[in-house]
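In what follows, a single structure is set out as structure tokens and then discussed.
Since every read-out is calculated from the coordinates, none of them should be taken as a lab result. These figures come from a predicted structure and were not determined experimentally. With ideal geometry, Cβ positions are generated from the backbone for all residues, glycine too; neighbour counts draw on all protein chains shown.
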Amino acid sequence: MAPSLVLSRPETKTWPERLRADGPERDAAIGDLHELLLKAARFELNRRRARVPHLRGDDYDDLAHQCADDALVAVLGKLDDFRGESRFTTWVYKFALFEAAVKVRRRAWQGREIPLEDEAWARLEARESRAPAGQGEARDEVAALPAAIEEVLSPRQREVLVAVALNEVPIDVLAERLETTRGALYKSLHDARRKLRAALAEDGYDVATLGEEVKR
């Protein structure tokens, strides 16, 4: 069960009103909001602890505070986006969940090398080679993928496609490693898949049977 998001003190104003106020009232609202986000972050980090078993004590608490701090900045920056379609506490809770998920993925990949392209293709080909009889066409398309990727994709598109679609590198981890944004990587990924499907279709392959590792 998710932690309670109910404040201990009664509310006389809405959250947005308190956060838009001046002076001590706004400071108190920000303090309450940070406390709420910290509780949500701790809950989500605890739920995901199996992915970062090396996280202990002070490191865990420090990470929870980082999540709450970043979620607070995000909420304040998007305060005007709140339309009241859900409870404000439900809306801000998602910011803490997002920050916790991102930071856990980054910690899980900390110190790990991004797998090489050749290793990704070797795993994919081995998996497809074990496909049941009658799926030979799918194996043919997998065999054609490396050449198509080399011919039609830019180096950045190739790097992003292989890392995210084949090596399952979280996109926020890859964005950090490449010093770019998630949005830029999503665009590269979308363009790469579109170009790859078009090239394979032009060569007569049935892209509808293309492995989900590249289509998704």
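Details
- Order of K13, K195 under a 10 Å beta carbon neighbour criterion, fewest first: K13, K195
- For the pair T180 and K94 in one chain, pulling the backbone fully straight at 0.36 nm per residue adds 28.6 nm over the alpha carbon distance.
- Within the straight-line cut-off of under 26 Å between alpha carbons, the lysines reachable from K94 are K13, K39, K78, K103, K187, sequence neighbours fewer than 8 places apart in one chain being disregarded.
- Most tightly packed first, judged by the mean number of other beta-carbon atoms within 10 Å of their residues, the peptides 46-56, 183-193 read 183-193, 46-56.
- Span from the the range 140-183 Cα centroid across to the the range 39-85 one, whole angstrom: 29
- In terms of its alpha-carbon gyration tensor, the range 15-109 comes out prolate; a/c meets the 1.5 threshold, and the first ratio a/b outweighs b/c.
- FRET E, pair A50, D80, Förster distance 41 Å, beta-carbon r, rounded to 0.05: 0.65
- Packing here is the average count of other Cβ atoms within 10 Å per residue, and on that basis the peptides 72-81, 85-94, 35-44, highest first, run 35-44, 85-94, 72-81.
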